[in-house]
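Here's the structure we're looking at; comments come further down.
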Amino acid sequence: PEAVFRRVELGEPGRSNVLLRAPELTVGFDAWRTLQTGKLEAGRITLVSPDIDLERLTPQGASSTGAAQPAGGERRKAKILQRWRGGRIELQGGTLRLPDPSGSANSLTVQIRRATIRRTEDRWNAFGLVFLPERLGGTARIAAQLEGDLEVPSTWSGALRFDGTRLLFTGWHDVLAYSKTLSRSLPVGGNGDFMLRVRFDKGRIERADGELRADDVSLDAPPWLADDPVARAPGRGLRLEHLGAN
């Protein structure tokens with residue numbers, strides 16, 4: 001059995017803010033779990049062209065440098081998913097708005113092609129294919145397998161893969177500017193394709209590898225010279241017409 005709802009609005013439990021709007025939502029019920037518990041249990045939830053606004057989960061205020069503080073919002077997102085008792089959620093098209101981690105007033109709007117999240121007890125599987133904002137590039141494909149409590153990163157074990165095509169490194173460098181470690185590791189210019197695979201156990205990275213194919217790459221001064229005014233002077237970076245790395 002299933003139920004179909006039209007013009008749906010969903011909010012954060014205990015709050016008045018609307019996080020999701022969709023023209024159609026279908027709930028397929030799990031007959032076996034329903035018989036076990038004696039009440040209707042959702043096995044599959046399908047959202048058609050949802051408009052998801054996760055900016056509303058961002059804590060009000062900013063740090064002293066003006067940059068956003070993403071940790072509070074991430075904890076609230078994890079808490080919402082952790083409350084979900086399990087099954088499968090499918091997204092067919094739609095948009096996802098995220099706060100800019102750099103603190104910019106311009107949100108990041110991602111166009112969803114398709115996405116799926118599955119949960120069985122503390123095991124999670126997720127897949128998503130999205131069109132990135134223009135300033136970040138073309139498309140991104142994300143696949144993740146995770147076991148653990150989403151609210152406790154030290155319990156996470158699993159694997160993550162990211163495939164990005166036609167990425168614009170300048171945009172990524174600006175968005176991740178809140179983290180000196182990340183921003184210093186990224187090119188300040190250029191474009192290309194990037195693939196990353198990460199395996200982790202109990203919150204610790206066990207292995208990470210990837211591939212990069214890029215053109216017109218501009219690299220800033222290396223981290224150990226980042227505080228040297230001579231190294232930071234214009235023209236002190238490195239420019240590469242083509243770059244390939246594994």
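Would you say Ala105 is among the hydrophobic types (A, V, I, L, M, F, W, C), within 23 Å of Val175 (Cβ to Cβ) and free of Cβ contacts under 8 Å to residues at least 12 places away in the same chain? Answer is yes for this residue. If you check Glu241 against the conditions, is it charged (D, E, K, R), at pLDDT 80 or above, within 27 Å of Glu151 (Cβ to Cβ) and open to solvent by 40 Å² or more (accessible area, probe 1.4 Å)? In short, no. If the condition is being touching a Gly at 6+ places or on another chain (Cβ under 8 Å) and hydroxyl-bearing (Ser, Thr, Tyr), then region 80-121 contributes Thr116, Thr120. On inspection, Leu96 qualifies as surrounded by 15 or more Cβ atoms within 10 Å (Cβ to Cβ), assigned to a strand (DSSP E or B) and under 12 Å from the mean Cα position of the chain (by Cα).
Being modelled with pLDDT of 85 or more, open to solvent by 70 Å² or more (accessible area, probe 1.4 Å) and touching an Asp or Glu at 6+ places or on another chain (Cβ under 9 Å) holds for only one residue in Arg113, Arg166, Arg184, and it is Arg166. Got at least one residue in region 66-75 being modelled with pLDDT under 75, surrounded by 19 or more Cβ atoms within 10 Å (Cβ to Cβ) and in contact with a Gly (Cβ under 7 Å, 6 or more places away or on another chain)? Yes; the residues of region 66-75 include at least one that is modelled with pLDDT under 75, surrounded by 19 or more Cβ atoms within 10 Å (Cβ to Cβ) and in contact with a Gly (Cβ under 7 Å, 6 or more places away or on another chain). Scanning region 40-61 for residues that are open to solvent by 60 Å² or more (accessible area, probe 1.4 Å), of a type in the set (D, E, K, R) and at pLDDT below 80 gives a single hit, Arg56.
The values are calculated or read from the model by the stated rules, or taken from the named source; none is laboratory data. As the structure is a prediction and not an experimental result, all values here were calculated from the model. Reconstructed Cβ throughout: ideal geometry from the backbone, glycine too, with neighbour counts over all protein chains shown. With ligands, DNA and RNA removed, areas are computed over all heavy atoms of the protein, side chains included. Shrake-Rupley method; radii C 1.70, N 1.55, O 1.52, S 1.80 Å.
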